Structures are given as C-alpha cells and as structure tokens.
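Step one of this worksheet: look at the structure below.
The values are calculated or read from the model by the stated rules, or taken from the named source; none is laboratory data. None of these values were measured; they are calculated from a predicted model. Here Cβ is always computed from backbone atoms with ideal geometry, including for glycine, and neighbour counts include all displayed protein chains. Side chains included, ligands, DNA and RNA excluded: accessible areas come from the protein's heavy atoms. Shrake-Rupley method; radii C 1.70, N 1.55, O 1.52, S 1.80 Å.
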Amino acid sequence: MEYKNSELIKILDTGIALSKERDRNKLLDKILDESMDITHCDAGTLYMYRENKLHFHLMKTISMNVNKGKDGEVIDLPPVPMVEENICAYTVIHKKPLNIENVYESTEFDFSGPYKYDQMTGYHTVSMLTIPLLNQEGEAVGVLQLINAMDEQENVIAFAHRMEHIILALASQAAIAVSNIRYVEELKEQMWSFTEAMAETIDTRTPYNANHIRMVANYASKLADFINEQHERGVEKEYFSKNRKEQLILAALLHDMGKVAIPENVMNKATRLEHRLKDIEIRFELFRARYQIQMLEGTMTQDEYDTTTDCLDNILKLVREVNVMGFLSDEKKQELEKVFTCKYVGKEGTQPYFTEEEKEDLLIRKGTLTEKEREVMQSHVEMTERILSKVHFNDNYQDVMKWAVQHHECLDGSGYPRHLTGDALSTEARILAVADICDALLATDRPYKKPIPKDKAFAIMRDMVNQGKLDGKIVDYLEQCI
C-alpha cells in the first residue's frame, strides 16, 4: 500500500499532536477532525466504549453545521448495543475496519439508525468507513465512523481503500493516547478518592469541626480563582494553572492528616476542665457534707457553716463560668488564684479545694488546652509530614506535602513546626494559613467558642497582619471572595 507524501506527513504530524494533548475532550475532538480532514469526508461520529456499549461522544456534519459533544457536552442518544448487526459493534467485536460504499445498498448490517437520521434531517448517508479504536493491549477504546467521502468537486464518493490503512494507523495512535489519558485520569481519581477518604476520617474523629477540612479547601479554591481574576485584570502577578490549583486543594484536604494520631481527649477537648468539672462538683458536695457534720457536732457554728457553704457555691459558680470561657481575663485570673488558696480543714486532715491539674486547666489563658496539650495538638503538623512522606507524589504533585505542612507557619517566624519566615513561605502556604485561621474564627460548630461575625473575624486577622503573622493581601482577597 503506497501513501502520498502529504498523507504520510499528515499522519506523522497528527500522531505527534495526539501524543502531546493532555485534555481528553480536546484529544477526542482532534481525532475526529483530523480523520475527517485526511479522508475529506462530510461527517463523522466518535463513539466511546464503556460498560459493553458504544456511547455517542462526538457528532459532526460539515454541510449541516452540526457539531455535538464538543467540550464534553452530553449527546442525548441511546448507546449502541454490542451486537454484530450494528456495524460499529461489529468492528469492535472483530477488531477490523469496514468500508461500506453505499449503506442503502448494503444488506449485511442494520442501518436503521442512519436511515432514521436521514429521514429526520434530510441528510443522505452514502459511504461509510468504520474503524475500531484499539489500544496497545488490543482493548476497545471506541469507534470512529466517517461518513460521505468527497471528491475535489464535493461529490459523494466511496472511501478509498488506502484510507482504511491510513485511518487505522491514526486510530491506533489515537486509542493509545486516549488510554494513556484514561490511565492518568484513573490515577488522579484514585488519588482524589484516597484524599477524600482521609479527610473524612480526620473530620469524623472530632464532632466539633466536621467541616473544617472542606471549608479550608473551599476557601483556598476561591482564593486561587480570585487571584486568577486579578491576574486577568493585570493587577496580580500570581496565576494558578489547573495543576497548581489542584495541588493547593489537595494540600488543603491533607493539611490536618496528622490529627489521626492526636488523642481524642486532646482533640475533642471542648471545655477547660472536661470530666474534671464533675470531680470538682462531687468533691465540693463531700466538703459540704463534712462541714454539716462539723456543725452538728458543734465544732462549727450555724453562721460559720452558712458562710463556708456560700463560699463553696460562689467558687463553684466561678469555676463553671471560667470553664466555658474562650479567654481568661486578668480579673478572673486573680479571682481564681485567690480561691485556689482555699482548703478544707477537719478531723480528716487538710485537703486543697483543687488539684494542680484542675488549677492548670482553669488558668488557661485562651482556648481549652494547657501548654502540654497544645504541644500535643501542634504535633499533628509533624505527624502530617511523617504520614505524607510515605505517599508517592509524582512530579505534578510534588509540592502538596510541603504546602500542607506549612499551614501553621507565620511570616514573622512565630509559627510552627519550623518557625519559617516570609521569604521561605510560598503563596500557597500563606493561603492555607489564612484559610485555616478564617475557618477557625467563623466556624459555628465549635463548643468552646461562640461564632464570630465575618467583620470581627477579619478584624482579628488584620491584627495578625499588623503583627507580621499573616499576608495582608491574602486576607483582603479572602474577604472579597467569601
């Protein structure tokens, strides 16, 4: 079989173009366009093989200005069943092309579909070249069907036999390219499903921030899109390509991975005392009973008993109030330090009203964690790094772990775990830091704090900007896009 030089060049150029294309829809569109161009035909349909059926993916007819399925548009036609009467299915089953000179004169196959299409549209299908798309494993990827070859005067003619070999060669390259993209897509889907599973695992461990990971990913995504809008307006140098944005969102979904190793009594600590409050209440009831015994035995007067038990009630009221505070003021701290000196004195001996652990819990300045518990909690970042270091990220996702691990770093070096400063922190790390803090402030599902209005949350973040901790531009961008 001899080819014209122009045809060989076209095949080679098309093969090179197909091998470079990474967008699946564009690749399929290119396959159909190039095949129609090489064979100089008027119409073409590309079917994709899945679930043992051939699904319409692209339909083009130049003379009728038909172009369906472009950019992934769904074609609302029933799939072709895999029976030999259907010419498309036949080519897949037998893995060979079919060249029909005139469909209206052929009795071998069921052409009711083309007949019906012609009746509906006024089109007249004559010649047809049907080529199976088989990958390197010999597996069916789809079918390419070309209709009505044209001569130089635009008259409908049969497809030249040499075109079978040309399009078959092109279809083979195309099938391999489609399979490679499909493999990449499957690997991506596998990675994303793994990431989603891990995010779900982390979030379900703590009932108090079940949406945190997804909210951080949502804020990061919106920031990337907003930055791209500013870039298009010419006011922002940064730009997030599809891959860069994917890496950012993956990093957001994985940023708290290390929390799987944090003890639940630390992770889910909703109040300062947690179970210790009940211990204090029981102890105070015991003290009250002992004081009552002293009064009945005559070692304590009624007035002394009343004064002492009133004091117990007031201390317990103070404890309950402080237990749920988000921030401990200097005034409340002084009140606590005063009552911490109180002791029970009786024939059983002397016993402090509070243990050292209870004192430490109550004197927490901000939040619900002691310094030791906070160190345990902060270790989730290093654990995230340890876990993600075991995951193979290919070149397209090589920055995911680095960005995920840096979400608690601050520009002034006061963050953790490595106390990095501004110059060492990428835009992505700055975005994740702002997104993480923003959700922590705005979240409505945290029992240890009341929801903060958006304006107050951003006022707090601007204070952190003024302290040199957060990127002011990122904070401004986020306020504008949520």
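What does the helix-only formula give at 222 nm for the chain: each DSSP H stretch with n ≥ 4 adding -39500 (n - 2.57), the total divided by the residues, and the result rounded to the nearest 500 deg cm²/dmol? Intermediate values should be presented prior to the final figure.
Values: 17 runs with 257 residues, N = 482.
Calculated from helices alone, the mean residue ellipticity at 222 nm is -17500 deg cm²/dmol.
Taking the Cβ-Cβ separation of Gln190 and Arg365 as r and a Förster radius of 45 Å, what is the calculated FRET efficiency to the nearest 0.05? Present the calculation step by step, with values, prior to reporting the outcome.
Values: r = 45 Å, r/R0 = 1.00.
Step by step, r from the Cβ atoms, then E = 0.50.
Rounded to two decimals, what ratio of Rg to Rh does region 172-221 give with C-alpha atoms and a Kirkwood Rh? Answer for region 172-221: 1.27.
How many Å² of accessible area per residue for region 237-344, probe 1.4 Å? Write out the running numbers ahead of the final one.
Numbers: 5690 Å² over 108 residues.
That works out to 53 Å² per residue.
With 0.36 nm allotted per residue and the present C-alpha distance subtracted, the Ser112-Asp412 stretch has 100.7 nm of extension available. Extending 7 Å from the Cα toward the beta-carbon at both Thr121 and His392 defines two label points whose distance is 4.6 nm. In a simple Cβ point-charge model (Lys, Arg +1; Asp, Glu -1; nothing else charged), region 359-482 has a dipole of about 400 debye relative to its Cα centre. These residues, Trp403, Trp192, go from largest to smallest accessible area, 1.4 Å probe, as Trp192, Trp403. Ordered from largest to smallest accessible area (heavy atoms of protein chains, 1.4 Å probe), the residues Asp279, Asp151 come out as Asp279, Asp151. Accessible area ranking (1.4 Å probe, heavy atoms, ligands and nucleic acids excluded), largest first, for Ile176, Ile315: Ile176, Ile315. Under the 0.36 nm per residue contour assumption, what length would be gained going from the current alpha-carbon distance of Asp310 and Lys26 to full extension? Stretched fully, the Asp310-Lys26 segment lengthens by 94.3 nm.
Placing unit charges on the Cβ atoms only, positive for Lys and Arg and negative for Asp and Glu, gives the chain a dipole magnitude near 1120 debye about its Cα centre.
Take the Cβ-Cβ distance between Glu84 and Asp151 as r, set R0 to 45 Å, and report the resulting FRET efficiency rounded to the nearest 0.05. Plugging the Cβ-Cβ distance into 1/(1 + (r/R0)^6) gives 0.90.
Computing FRET efficiency as 1/(1 + (r/R0)^6) for Gln292 and Thr444, where r is the C-beta to C-beta distance and R0 is 41 Å, gives about 0.40. In the chain, taking the dipole from charged Cβ atoms about the Cα centre, the farthest positive-side position among Gly422, Cys41, His55 is held by Gly422.
Selection among Thr206, His231, Leu187 by position relative to the dipole of region 183-237 gives Thr206 as farthest towards the positive end (Cβ unit charges, Cα centre).
Model label sites at Leu420 and Tyr239, defined 7 Å from Cα along the beta-carbon direction, differ in position by 2.4 nm. Treating each Cα of the chain as one equal point scatterer and applying the Debye formula with no solvent, the log10 of I(q)/I(0) at q = 0.11 Å⁻¹ comes out as -0.96. For region 128-147, backbone nitrogen atoms closer than 17 Å to the point 7 Å from Val66 Cα along Cα-to-C-beta are found at 128-130, 144-147. Between the listed residues Leu411, Ile452, Ala440, the Cα displaced farthest toward the positive end of the dipole of region 395-482, a dipole computed from Cβ unit charges relative to the Cα centre, is found at Ile452. Where the centroid of each part is defined by its Cα atoms, how far is region 336-356 from region 195-265 in Å? Cα centres, region 336-356 to region 195-265: 49 Å.
State the percentage of accessible surface on region 224-379 attributable to carbon and sulfur atoms; use a 1.4 Å probe and exclude ligands, DNA and RNA.
Values: 4330 of 8580 Å².
Exposed carbon and sulfur together represent 50 percent of the surface.
Here the Debye sum runs over all C-alpha atoms of region 233-386 as equal scatterers in vacuum, and log10 of I(q)/I(0) at q = 0.10, 0.13, 0.16, 0.18 Å⁻¹ comes out as -0.55, -0.74, -0.94, -1.06. A convex hull fitted to the Cα coordinates of region 54-166 yields 127 cubic angstrom per residue. So which of Lys188/Lys456; Lys332/Lys372; Lys68/Lys222 end up more than 30 Å apart, counting from Cα to Cα? From Lys188/Lys456; Lys332/Lys372; Lys68/Lys222, over 30 Å: Lys188/Lys456; Lys68/Lys222.
Assign unit charges at the C-beta atoms only (+1 for Lys and Arg, -1 for Asp and Glu), then state the dipole size of region 241-304 relative to its Cα centre in Debye, rounded to the nearest 20.
Approximately 680 debye in magnitude.
In the assembled protein chains, Arg288 presents an accessible area of approximately 60 Å² (probe radius 1.4 Å).
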